[in-house]
Amino acid sequence: SQKIEQNSEALNIQEGKTATLTCNYTNYSPAYLQWYRQDPGRGPVFLLLIRENEKEKRKERLKVTFDTTLKQSLFHITASQPADSATYLCALSYNTDKLIFGTGTRLQVFP
Amino acid sequence: GAGVSQSPSNKVTEKGKDVELRCDPISGHTALYWYRQSLGQGLEFLIYFQGNSAPDKSGLPSDRFSAERTGGSVSTLTIQRTQQEDSAVYLCASSLSRVNGAFFGQGTRLTVV
């Protein structure tokens, strides 16, 4: 079955640096790959979506890349701020709208 | 409403009792999802509804779990004969289509004692 892997260890970076989070998957590539942010005690919030035939997508300080050869997506936050501290989840969908989530990576940005 | 609404926000129940969790999706959203999240864990897929199609129930952990979506809108997740391992946050989400992302409710925190 399809497996989605995100680094379970927290990522700690200094304010102003670029945070890079990784999402790896097994088997076949999804049609769509999404990234979400989740704060403690709250539901995930949709951030960005990238399609299988897209290499890169940007939104303000966020950038997502999608490499179907490596079976990997990278999520970048440039000029990171303490307010960016949260858990970031990737999610995949294939030939239907069914969304499968990774376990998430916790990001901590310290001043 | 403007967002996905879930009720109750918290539910404490005794082991063996049945519980019903409700989700009001965003109006017009055809896709509706239920997930379960245990403390410090990721989102576990439970069930997915898309329009009038048969739901994808492949994530339901046992036959004690069932879900309905009436009139293509409100959904109810029912857990029968609750067990302590059912304790978790149950999250509902809705989506207009897979190119738009999913919008989540605040979740129902279920505690089985």
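Of note:
- Within the straight-line cut-off of under 25 Å between alpha carbons, the lysines reachable from B:Lys15 are B:Lys57, sequence neighbours fewer than 8 places apart in one chain being disregarded.
- Chain A, accessible area per residue, ligands and nucleic acids excluded (1.4 Å, Å²): 51
- Selection from B:Val89, B:Ala54, B:Thr30, by position along the positive dipole direction of the protein assembly as shown (Cβ): B:Thr30
- In a reduced charge model with +1 at each Lys and Arg Cβ and -1 at each Asp and Glu Cβ, the protein assembly as shown shows a dipole moment near 180 debye about its Cα centre.
- GluC sites (Glu not before Pro) within region A:7-105, DSSP loop, no more than 14 other Cβ atoms inside 10 Å: A:Glu9, A:Glu15, A:Glu52, A:Glu54, A:Glu60
- Rounded to the nearest 20 debye, dipole of chain B from Cβ charges on Lys, Arg, Asp, Glu: 80
- Unit charges at the beta carbon, dipole of chain A: most positive-side option, A:Asn24, A:Gln34, A:Tyr88: A:Gln34
- For region B:5-113, the C-alpha radius of gyration divided by 2.2 N^0.38 Å, with N the number of residues, is 1.01.
- With a cut-off of 14 Å between beta carbons, the residues surrounding B:Thr30 carry a summed charge of +1, where Lys and Arg count +1 and Asp and Glu -1.
- Candidate lysines - alpha carbon under 20 Å from A:Lys55, same-chain residues fewer than 8 apart omitted: A:Lys63, A:Lys71
- Sulfur and carbon atoms: percent of accessible area, chain B [1.4 Å]: 45
- Per residue, chain B exposes 49 Å² of accessible surface when a 1.4 Å probe is rolled over the protein heavy atoms with every protein chain present.
- R0 of 30 Å, Cβ-Cβ distance B:Asp18-B:Ser73: FRET efficiency to nearest 0.05: 0.85
- Protein-protein interface of region A:77-108, residues with accessible area decrease of at least 40 Å², isolated chain reference, 1.4 Å probe: A:Asp97, A:Lys98, A:Leu99, A:Phe101
- 10 Å Cβ shell holding at most 11 others, DSSP loop, trypsin sites (Lys or Arg not before Pro): longest site-free stretch of chain A: A:56-111
- DSSP assigns beta bridges within chain A; of those with both partners inside it, close to 90 percent run antiparallel.
- Carbon plus sulfur fraction of accessible area for region A:52-111, probe 1.4 Å, in percent: 50
- Chains A and B, summed buried accessible surface - 1.4 Å probe, Å², nearest 100: 1700
- Within region B:70-113, the residues that become at least 50 Å² less accessible when every protein chain is included than when their own chain is isolated (1.4 Å probe; DNA, RNA and ligands ignored) are B:Arg98, B:Val99, B:Phe104, B:Gln106.
- Summing Cβ point charges (Lys, Arg +1; Asp, Glu -1) relative to the Cα centre of chain A gives a dipole of roughly 120 debye.
- Inter-chain neighbour count for A:44-52: the average number of beta-carbon atoms from partner chains within 10 Å of each residue's beta-carbon is 3.
The values are calculated or read from the model by the stated rules, or taken from the named source; none is laboratory data. Everything numeric here is computed off the predicted structure, so don't read it as measured data. Reconstructed Cβ throughout: ideal geometry from the backbone, glycine too, with neighbour counts over all protein chains shown. Remember, those area values only see protein heavy atoms, side chains included, never the ligands or the DNA or RNA. Shrake-Rupley method; radii C 1.70, N 1.55, O 1.52, S 1.80 Å.
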